[in-house]
Amino acid sequence: LIERYWRAENRNFDNVANAFLTLFEVCTGEAWAPLMWRSYDACSDTAVEPDCAIYQGFFFVGFYAISGFFLIQLFVGVVVH
């Protein structure tokens, strides 16, 4: 019998610091898709349920699109200025 334990992923929304790091990772586009797929399964604190929160994908895709637009605008503003 294999002993198993529950642990949180490195990027999560458990506290403010981790949430900012997670949103920064999504904003920069660095491996945000696996984070989105893991969030699909996160519905409760006890166990993982496959595809129980598909609506969370709308948040990640929307945040990625909007934050990417603002990052490009900031970069262009700094270069032009």
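The values are calculated or read from the model by the stated rules, or taken from the named source; none is laboratory data. None of the values given here were measured: they were computed from a predicted structure. Here the Cβ is made from the backbone with ideal geometry for all residues, glycine too, and neighbour counts use every protein chain on show. Calculation scope for accessible area: heavy atoms of the full protein, side chains included, ligands and nucleic acids excluded. Shrake-Rupley method; radii C 1.70, N 1.55, O 1.52, S 1.80 Å.
Could you work out what % of the accessible surface of region 37-81 is carbon and sulfur, using a 1.4 angstrom probe and leaving DNA, RNA and ligands out of the count? Carbon-and-sulfur percentage of accessible area, whole number: 73. Accessible surface computed residue by residue for the chain, with neighbouring protein chains in place and a 1.4 Å probe, gives 82 Å² per residue.
Per-residue ellipticity at 222 nm computed for the chain from its helices equals -19000 deg cm²/dmol, with DSSP H segments shorter than 4 residues left out and the rest contributing -39,500 (n - 2.57). With the charge dipole of the chain set up from +1 on Lys and Arg Cβ and -1 on Asp and Glu Cβ about the Cα centre, the Cα lying farthest toward the positive end among the listed residues CYS43, ASN10, THR22 is that of THR22.
Starting from the Cα of VAL61, step 7 Å toward the Cβ, then list every residue of region 1-31 with an amide N under 19 Å from that point. Hits in region 1-31 for VAL61 at 19 Å: 26-31.
A Förster distance of 25 Å, applied to the separation of the beta-carbon atoms of LEU71 and ALA19, puts the FRET efficiency at 0.85.
Charges were assigned to the Cβ only: +1 to each Lys and Arg, -1 to each Asp and Glu. The resulting dipole of the chain about its Cα centre is roughly 200 debye.
Membrane-span-like helices of the chain, defined as complete DSSP H segments with a Cα extent of 15 Å or more along the helix axis and a mean Kyte hydropathy of at least 0.0, are identified as 16-28, 56-80. Charge tally around LEU21: other residues with Cβ under 13 Å, Lys/Arg +1 each, Asp/Glu -1 each, net -3. Note on Rg and Dmax of the Cα atoms in Å: of the candidates (1) 12.3, 37; (2) 13.4, 44; (3) 15.9, 63, the value calculated from this structure sits at (3).
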